[in-house]
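Okay, structure first, notes after.
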Amino acid sequence: MKEELRETAEALWQQHRGKTVGTILGIVLGIAILCFGFWCTVFVLCCGLIGLFVGSQMDQGEDILGTLSDRFFQLTNHFRN
C-alpha cells in the first residue's frame, strides 16, 4: 500500500509537477483561511513574499537596504502623483 502511494506520488510529480504544486498550495491556502481568517492569511503571505524578495536580493549579493529604500520611495512617489 505504501509503495503504491509512493509510486503514484512520484508519477504525479514527474508528469504533472505544476498541477501538483498548485493543488497542494491551494489546499494549504484554503486551510489557512479557514483556520486563521482571510486577513491574517493575507498578512502572512505578504510577509512571506517580503522574505522571498529579501532572500533573493541576498542571494544575488545586492544591497538590501538600498534596494528596499529605493523601491519604497518609488512606491510612495507613485501614490503621490
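At-a-glance table
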item	result
Test: residue in region 2-12 that is assigned to a loop (DSSP other than H, G, I, E, B), out of contact with any strand residue (DSSP E or B) (no Cβ under 9 Å at 6 or more places or on another chain) and open to solvent by 100 Å² or more (accessible area, probe 1.4 Å)	no
Of the criteria (1) open to solvent by 100 Å² or more (accessible area, probe 1.4 Å); (2) more than 29 Å from Leu68 (Cα to Cα), which one Leu49 fails	(2)
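The values are calculated or read from the model by the stated rules, or taken from the named source; none is laboratory data. These figures come from a predicted structure and were not determined experimentally. Cβ coordinates were reconstructed from backbone atoms using ideal geometry, including for glycine residues, and neighbour counts include every protein chain displayed. Only protein heavy atoms, including side chains, enter the accessible area calculation; ligands, DNA and RNA are left aside. Shrake-Rupley method; radii C 1.70, N 1.55, O 1.52, S 1.80 Å.
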